[in-house]
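All remarks here apply to the structure that follows.
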Amino acid sequence: MINPENNDLYDLNEALKVENLTIQDYEEICKRLSRKPNRTELGMFGVMWSEHCCYRNSKPLLTKFPTKGKNVLVGPGENAGVIDVGNNQKLVFKIESHNHPSAIEPFQGAATGVGGILRDIFTMGARPIAVLNSLRFGNLNNPSNIDLLRGVVSGIAHYGNCVGVPTVGGEIDFDDSYSGNPLVNVMALGLLETNEIVCSGANNVGSPVLYVGNTTGKDGVGGASFASSELTTNSLDDRPAVQVGDPFIEKSLIEACLDAFKTGDVIAAQDMGAAGLTCSSAEMAANGKLGISINLDLVPSREDNMSSYQYLLSESQERMLFVVKKQKIDYLIDKFNKWGLHAKVIGEVIEKNEVIISHKNKTVAKIPTSALSDDTPFNIHNVMKNPPDFLLKKWEWKENNLPEINEGKIFSLKENKSFSYSQIILKLLTIPSIASKRWIYKQYDYQVQSNTVFKPGESDAAVIRLREQNEKSKSKVFSGVAASVDCNSRWVSLDPFRGAIAAVAESARNVSCVGAEPVAITNNLNFSSPETEIGYWQLSSACDGISEACKALETPVTGGNVSLYNESKNKNNEITPIKPTPVIGMVGKIDNIKKAISSGWKNFNDQIWLIGSNKSETTISASSYLEYFHGEIKGRPPKIDLYDEKSCQSFLRSAITQDFIVSSHDISDGGLAIALAECCILSAKGATIELQKGLKRNDNLLFAEGGSRIIFSIDKMKEKEWLDYLKKSQINSKSSLFVKKLGYVSSQSLKIQIQDNNICNIRVEELTEKFNNSISDHLSI
């Protein structure tokens, strides 16, 4: 009989508010239990039925994603996705968010975000080999946003550097919509070290349940529910819901777990992340279609007088739950103790499909496993049939709304004065969202493990060498993986469908630009409240876009994360939603890392070429130029022809493999002019470019975005062979793609001519100074 510490008595309305549950949820819980829940059980349902854990608002939309492919070994449903990358090697990868914790405690929020995603990776039996991050903050003219940036970057650097996993790449954007609600998304990659993938389903009735790792405290209690609600001016009161991490214990946990997995004595494994012991025990039981019994008196704790509620909902870091072979329990405990970790049997697998929790010799919770983690409720929303009127109005914007170009100068609608093209290029290079992120990645150890091929910022995607795990191979040819995280939030806010397609396309394009073949994605869907018509329409439309792009590019979804209610409420109860931000984490494979290329020019007099699609739109609409120079976020993002996008990337990779192309960089924020400038900056070499005017405005030629375009340079010693290769491919005559020469690599300056008119001549040193120092200059104010 349940008699849990007198917690049958509680104020229902207050409890439902704390647990972020509705009265309908409560009635459903009573129905499933055939009785009223006690306070501890209500807390368990609160975290397990939260958006963060059960995707109750997004679950119907996620079924749209393609999840199968020739390289996919494990798709959605496990701790992380797994793909085959050849040479009998398996890559494990996933992305997760820690947005709300980072908003109120930026250092620990970001640090534990890194720790949590690493546990998802090594729980599968993989050694973490790389971390990337996708960050969003409010504009840096606000001191509070600067504090958040400093705290988050320090947290990521602290945890990643100490645990010994390189932070190899990422992206960051600044916009006022993130001022009250920054985004901290962390992606991790790992290489499988075990013969078999370690999964989370418990089996073998009577098998011991082993708790390993750090002790349990009161930090992070209710973190999952906290992550599933909006941020308000009172959110600082929720600091106890933020976990505190210890990267040195995590490092020991990585080594001890991988060592234990290799023995074959671990039947199932689950990390204690969101919802802590509640989630890990319930999911292990449900995935194994069995039950689990836990005795909280046996759980290693760091604080006295903890209640059952606190034990079960604590999100203390660096903890794992295993189901192990009974006869090997002492052997495994000894292994973990040698690493200075707690290891204790706290329960067993039972036949009846229930999660049974005892504390102080009393049963404090008894819940069917399916009720908690399998048969969870989902909210049904109606999707708007048409885009909202305010967006339709923005889509009416046309380029002829811009001022006429007068004597080689353009009048800025934002600053009410005219600028030359050179001044505009320099101005765009200082925008924090476009400028170098050197101040950030210099704080990360990106060389630990000695497998990072390019430094952050040098290439469009990170490239990691894959070493043979058994160290027996004498091969001098190493394969590798490439990874990129991308999302143009402005495009998604103006058209969630097109913007999401573009996010997938750009992440694949970045992977192709280093010479790797895109294989699969993980995604992090950061959106505002799904309870508003527009919020849910944005989420639904973006999922449609991701699905369409992934099918066309043959990059299935292996898993990911949904983070909703990303919005802030001020003292006047005014809500500011973030720009919808579906971050795409793309991974690709490359057979020989010696073939991988970076973005900067390589040799003087190398030819500079452009590839793109005549079917994919190229426009100033929704561009960085329009926002940052003219102060307008208007227009419809350019449409991408996904067939052409795939063909562009395939052609590029083939030319890279055959050693024609020696550098490659996609055209994105700021258009062609900024892409050219970035290649000059990265190489300390100039470029001489000649463009044909045609019917387009000069600022369209320079700053338009879209078009599936990539600039690349050809080895000057292979010019004849390249032209022969291009002729044989018949790419310009038999398809809607175009490949054309723009100029050549030169010294000292970026020079651009349009129809024989010199419109730009900027020394590389000036480009570099503006680009490299923008963020640090903002932070020194």
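For the condition in contact with a helix residue (DSSP H, G or I) (Cβ under 7 Å, 6 or more places away or on another chain), acidic (Asp, Glu) and open to solvent by less than 20 Å² (accessible area, probe 1.4 Å), what is the one hit in 19, 96?
Details: 96 fails: open to solvent by less than 20 Å² (accessible area, probe 1.4 Å).
Within the list 19, 96, the selection yields 19.
Pick from 477, 485: which is outside any helix (DSSP H, G or I), of a type in the set (Val, Ile, Thr) and buried (at least 18 other Cβ atoms within 10 Å of the Cβ)? Outline the logic, then answer.
Numbers: 477 fails: buried (at least 18 other Cβ atoms within 10 Å of the Cβ).
Answer to the check: 485.
Which residue out of 732, 700, 772, 757 is more than 27 Å from residue 660 (Cα to Cα) and over 34 Å from the mean Cα position of the chain (by Cα)? If you could, list the steps in order and put the result at the bottom.
Details: 732 fails: more than 27 Å from residue 660 (Cα to Cα); 700 fails: over 34 Å from the mean Cα position of the chain (by Cα); 772 fails: over 34 Å from the mean Cα position of the chain (by Cα).
The match here is 757.
Of all helices (runs of 4 or more DSSP H) completely enclosed by the range 19-80, which ones contain at least 3 residues that are closer than 30 Å to residue 553 by Cβ and among the aliphatic types (A, V, I, L, M)?
Working: elements: 23-33, 39-48, 51-54, 59-62.
Because the criterion is at least 3 residues that are closer than 30 Å to residue 553 by Cβ and among the aliphatic types (A, V, I, L, M), no helices (runs of 4 or more DSSP H) in the range 19-80 meet it.
Given the criteria closer than 16 Å to residue 274 by Cβ, at pLDDT 95 or above and in contact with a strand residue (DSSP E or B) (Cβ under 8 Å, 6 or more places away or on another chain), does residue 90 qualify? Outline the logic, then answer.
Working: closer than 16 Å to residue 274 by Cβ: no; at pLDDT 95 or above: yes; in contact with a strand residue (DSSP E or B) (Cβ under 8 Å, 6 or more places away or on another chain): yes.
No; evaluated as a whole, the condition is false for this residue.
Say whether the condition of being in a strand (DSSP E or B), open to solvent by 20 Å² or more (accessible area, probe 1.4 Å), in contact with a Cys (Cβ under 9 Å, 6 or more places away or on another chain) and within 16 Å of residue 437 (Cβ to Cβ) is met by at least one residue in the range 129-151.
Scanning the range 129-151 turns up no residue that is in a strand (DSSP E or B), open to solvent by 20 Å² or more (accessible area, probe 1.4 Å), in contact with a Cys (Cβ under 9 Å, 6 or more places away or on another chain) and within 16 Å of residue 437 (Cβ to Cβ).
Select, from 490, 498, 467, the only residue that is closer than 23 Å to residue 586 by Cβ, surrounded by fewer than 21 Cβ atoms within 10 Å (Cβ to Cβ) and either touching an Asp or Glu at 6+ places or on another chain (Cβ under 6 Å) or of a type in the set (D, E, K, R) (or both). Before you say what the answer is, go through the steps one by one.
Numbers: 490 fails: surrounded by fewer than 21 Cβ atoms within 10 Å (Cβ to Cβ); 498 fails: surrounded by fewer than 21 Cβ atoms within 10 Å (Cβ to Cβ).
Unique residue meeting the criteria: 467.
Could you tell me how many of the residues in the range 427-442 are farther than 17 Å from residue 632 by Cβ, assigned to a helix (DSSP H, G or I) and not aliphatic (A, V, I, L, M)?
3
Can you confirm whether residue 387 is exposed (fewer than 14 other Cβ atoms within 10 Å of the Cβ) and either within 31 Å of the chain's Cα centre (by Cα) or more than 30 Å from residue 531 (Cα to Cα) (or both)?
Numbers: exposed (fewer than 14 other Cβ atoms within 10 Å of the Cβ): no; either within 31 Å of the chain's Cα centre (by Cα) or more than 30 Å from residue 531 (Cα to Cα) (or both): yes.
So residue 387 does not fit the description; no.
Taking residue 432, is it buried (at least 24 other Cβ atoms within 10 Å of the Cβ) and touching a helix residue (DSSP H, G or I) at 6+ places or on another chain (Cβ under 7 Å)? Steps first, please.
Details: buried (at least 24 other Cβ atoms within 10 Å of the Cβ): no; touching a helix residue (DSSP H, G or I) at 6+ places or on another chain (Cβ under 7 Å): yes.
Taking the combined requirement at face value, the residue does not satisfy it.
Every residue in the range 4-53 that is under 25 Å from residue 113 (Cβ atoms) and among the β-branched types (Val, Ile, Thr), please.
The answer is 18, 47.
What number of residues within the range 404-429 satisfy the criterion of being surrounded by 21 or more Cβ atoms within 10 Å (Cβ to Cβ) and of a type in the set (A, V, I, L, M)? Lay out the reasoning, then the answer.
First pass over the range 404-429, keeping only residues surrounded by 21 or more Cβ atoms within 10 Å (Cβ to Cβ): 410, 421, 424-425, 428-429.
Next cut, of a type in the set (A, V, I, L, M) only: 410, 424-425, 428-429.
Summing the residues that are surrounded by 21 or more Cβ atoms within 10 Å (Cβ to Cβ) and of a type in the set (A, V, I, L, M) in the range 404-429 gives 5.
Taking into account only those residues within the range 680-698 that are in contact with a Ser or Thr (Cβ under 6 Å, 6 or more places away or on another chain) and not small (Gly, Ala, Ser), which is nearest to residue 403 (Cα to Cα)?
That would be 688.
The values are calculated or read from the model by the stated rules, or taken from the named source; none is laboratory data. Just so it is clear, the model here is predicted, and its values are computed rather than measured. Positions of Cβ are generated from backbone atoms using ideal geometry, with glycine treated the same way; all protein chains shown enter the neighbour counts. Accessible surface areas use protein heavy atoms only, side chains included; no ligands, DNA or RNA. Shrake-Rupley method; radii C 1.70, N 1.55, O 1.52, S 1.80 Å.
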